[in-house]
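This report refers to the structure that appears directly beneath it.
The values are calculated or read from the model by the stated rules, or taken from the named source; none is laboratory data. Predicted model, so just to flag it, every value in this text is computed and none were measured. All Cβ positions, even for glycine, are placed from backbone atoms using ideal geometry, and neighbour counts span all protein chains on display. Heads up: the accessible areas ignore ligands, DNA and RNA and are worked out on the full protein's heavy atoms, side chains in. Shrake-Rupley method; radii C 1.70, N 1.55, O 1.52, S 1.80 Å.
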Amino acid sequence: MFKKTALAVAAIASLAMPFGPRGAMAEQLTIASFLPGPHHLHTRMLGWFGEELVRQSGGDLTIQVFPGGQLGAGPVQQYKRALEGVADMTLGVSAYTPTVFPKTMLAILPGSSENAVESTGRLWDAYEAHLADEYKDVKLIALMTVAGNVISATRDLSTLEAYEGAKLVPYAAMTRPILESIGAVPVQMPITDVYTGLSTGTIDAAYTAYSNITPPWNFWDVTPYFIENVPVHFAVLFVVMNKERYEGLSDEHRALIDSLSGRVLSIKGAESFDLADTMSKEQMAANPDKMKNSQLVQMSDEERARVVEASQAGLQAIFEDYRSKGIEDAEAVYQALNP
C-alpha cells in the first residue's frame, strides 16, 4: 500500500508515542486528532512534520499524536480544544464550526479545482487577503482540502435530468442549495452511514472520494454506479495550535514551526488525500471481481457544463445568505479561490 516511516508507526502503535527522541531540554507538543490511528494524514503529513521537527531541532522539539479522539471524542470540538489548550494542536474539519470559518467554507463549493492539491494551493493563494482574520486566535499550522470527486449511486446520474428527485448526500451541508438547483433532494447523513444508506435504498447517491470506494469503506460492494467527471465538491481540514503555547516556545522553535507549517504542510496533507484516491483507482483496476457489479460512468463534458450552469442559482443563493449575515464580499472571496 504505502511505506510508513518508523517514527510514524511508533507514534501510532502505542497510546501516543512521540515522533523522535527527547533530550533533557526538549519541548514536546501534543496533537489531538479525531481520525483513527493509521489514517494517512497521521502517517504521511504529521509523520513528515514530526520527523522534520526532530531532525532540524536535534531532537529538542517533538510531537505526540493522540488519534481516535483520545483527548476528546468526536470532531466537533476540535477547534475549541486548541483554544482551551486541551491539546497544543488539534486536527479538525472547518464545517463543524462554520460560524468561525465562514469565508474558509467557501472553498467547499465547486469551482475551478479538480483535486485537493489544486484547491489547497488556491486556498493559500487567497489566504492573506481574505482568510487570515479567521485564524487570529490561534496559530494556523495547516489548512487543506479533500476532494469529493465521484458520486456513488444506485442509478446513473451522468445527465442533468437524472438528478431530478434523486436523494443525494452532499459532501458538505452548505452545498445543499447547489444540489437543490439541479433537482436533487439533499439528505444529510454522515459518511459512516452512507454504505448502509446505499445498500438499503434510503438514499440514491452520495458525493464521495475515490478512496471511499475501496477498503476500508468498501462502497464497491453496494454501489452499481460511480459517476466520474462531476463538478468537484470539497471539505476543508485544519491543524491549529494554541496561540499561548506557540508564543511560549523559544524563538528557534517558533521559527522551525513556521518553516514547516502553513502552505508546505498543507500541500503535504492535500497530496496525501490525492494519493489515497490514486491508490483506490489502482485497487479498482486490479480487482475486477470486486467491480463486477459496478460501472464507472463518465459524465460528458457537455452534461457537466449543463450541471454547472444549473448550479449557478444555488451558488447565488449561498452568496445571498452570506450577505444576509453581513458578509458582503463572499462572492469576491469565492472568485479569489477559483481564479
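Of the residues that make up region 207-220, is at least one open to solvent by 40 Å² or more (accessible area, probe 1.4 Å) and part of a helix (DSSP H, G or I)? No, region 207-220 contains no residue that is open to solvent by 40 Å² or more (accessible area, probe 1.4 Å) and part of a helix (DSSP H, G or I).
Checking each residue in region 139-193 for being open to solvent by less than 40 Å² (accessible area, probe 1.4 Å), polar (S, T, N, Q) and part of a loop (DSSP other than H, G, I, E, B) picks out Asn149, Ser158. The criterion of being touching a residue at least 40 places away in the same chain (Cβ under 8 Å), assigned to a helix (DSSP H, G or I), open to solvent by 10 Å² or more (accessible area, probe 1.4 Å) and of a type in the set (Gly, Ala, Ser) does not hold for Ala82. Looking across region 100-158, the residues that are free of Cβ contacts under 8 Å to residues at least 12 places away in the same chain and in contact with a Lys or Arg (Cβ under 9 Å, 6 or more places away or on another chain) come down to Asp133, Lys136. Scanning region 32-73 for residues that are within 17 Å of the chain's Cα centre (by Cα) and either outside any loop (DSSP other than H, G, I, E, B) or in contact (Cβ under 8 Å) with a residue 40 or more places away in the chain (or both) returns Ala32, Ser33, Phe34, Leu35, His40, Leu41, His42, Thr43, Arg44, Met45, Leu46, Pro67. The set of residues from region 216-238 being on the phi < 0 side of the Ramachandran plot, at pLDDT 95 or above and not hydrophobic (A, V, I, L, M, F, W, C) comprises Asp221, Thr223, Pro224, Tyr225, Glu228, Pro231, His233.
With respect to the stated conditions, Ala126 is among the small types (Gly, Ala, Ser), under 30 Å from Asn242 (Cβ atoms), over 17 Å from the mean Cα position of the chain (by Cα) and open to solvent by less than 10 Å² (accessible area, probe 1.4 Å).
When the helices (runs of 4 or more DSSP H) confined to region 246-339 are screened for residues that are closer than 24 Å to Val117 by Cα and basic (Lys, Arg), those reaching at least 2 such residues are found at 263-286.
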